[in-house]
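Notes follow once the structure below has been shown.
What follows draws every value from the coordinates through simple rules; no lab data is involved. All values derive from a computational prediction rather than experimental measurement. Note that we place each Cβ from the backbone using ideal geometry, even for glycine, and neighbour counts take in every protein chain shown.
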Amino acid sequence: MYEEIREKAEALVLEVLEQAGLKEGSVFVVGCSSSTVCGQGYGKASSMDIAQALFDGIYPKLRERGIYLAAQCCEHLNRAIITSECVAQKQNREIVNVVPQPKAGGSFATITYNTVDDPVAVEHIKADAGIDIGGVLIGMHLKEVAVPLNLKNNMIGQAHITAARTRPKFIGGERAHYDDSMK
């Protein structure tokens, strides 16, 4: 089961990265319910094994491209974010004092905290793209103009996957011209 989930997560993140066109230094948010992957309700079957397989499929592909991971915690930590301290500093985010656990923060956030360099928790972040594994609603952690992505890989186990990238706002009026490379 581990290898199947890891492979699906890797294929998913590669598909999103291809569509999103992220650059080195970008931030990628992951919201993850390991419970929904195994077909249970939110928080009913939190699994470190499933979260580890997902993490092992996602994180290496981000890291090799110089893209930072931001893991959304569950509702028990008010959807706080676990990321590297350099991301918090770059985005001028206040660091908060909490260490996620499988039943208070979530398994994926716990693994992220235990793996990334200089892990910290922040309450808010503005990510450039992300994936939502199991419908945990990552939108609050994306930049303002989110563009949904159509995915071929839209299920892992029993969990539905959604994803989005962001783009700069279009401002101006009918006389404005836009840079097509930023759409």
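Annotations for the structure displayed:
- When the C-alpha to C-alpha distance is required to be over 26 Å, the pairs from Lys23/Lys126; Lys61/Lys169; Lys61/Lys152 that qualify are Lys61/Lys169.
- Here the label points at Asp179 and Glu64, each 7 Å from Cα along the C-beta direction, are separated by 2.9 nm in the simple model.
- Protection-proxy order for peptides 90-102, 129-141, 54-66, each taking the mean of Cβ atoms within 10 Å per residue, highest first: 129-141, 54-66, 90-102
- Whole-Å semi-axes of the ellipsoid equivalent to the chain (Cα gyration tensor, √5λ, descending): 26, 19, 15
- Within-11-Å neighbourhood charge of Ile131 [Cβ basis; K, R +1; D, E -1]: -1
- Relative contact order [Cα under 8 Å, 6+ residues apart], region 30-183, whole percent: 24 percent
- Cβ-based exposure ranking for Ser33, Ser46, in which fewest neighbours within 10 Å come first: Ser46, Ser33
- Modelled label reach - Asp49, point 7 Å along Cα→Cβ, region 1-31 residues with backbone N closer than 16 Å: 1-7
- Helical segments meeting 24 Å axial Cα length and Kyte-Doolittle -1.0 threshold in the chain (DSSP H): 2-20
- Proxy reagent accessibility, fewest Cβ within 10 Å first, across Thr166, Thr115: Thr115, Thr166
- Part-to-part distance (alpha-carbon centres) for region 139-183 and region 24-94, which is given in Å: 19 Å
- Other residues whose C-beta falls under 15 angstrom from the C-beta of Lys90 contribute a net charge of -2, scoring Lys and Arg +1 and Asp and Glu -1.
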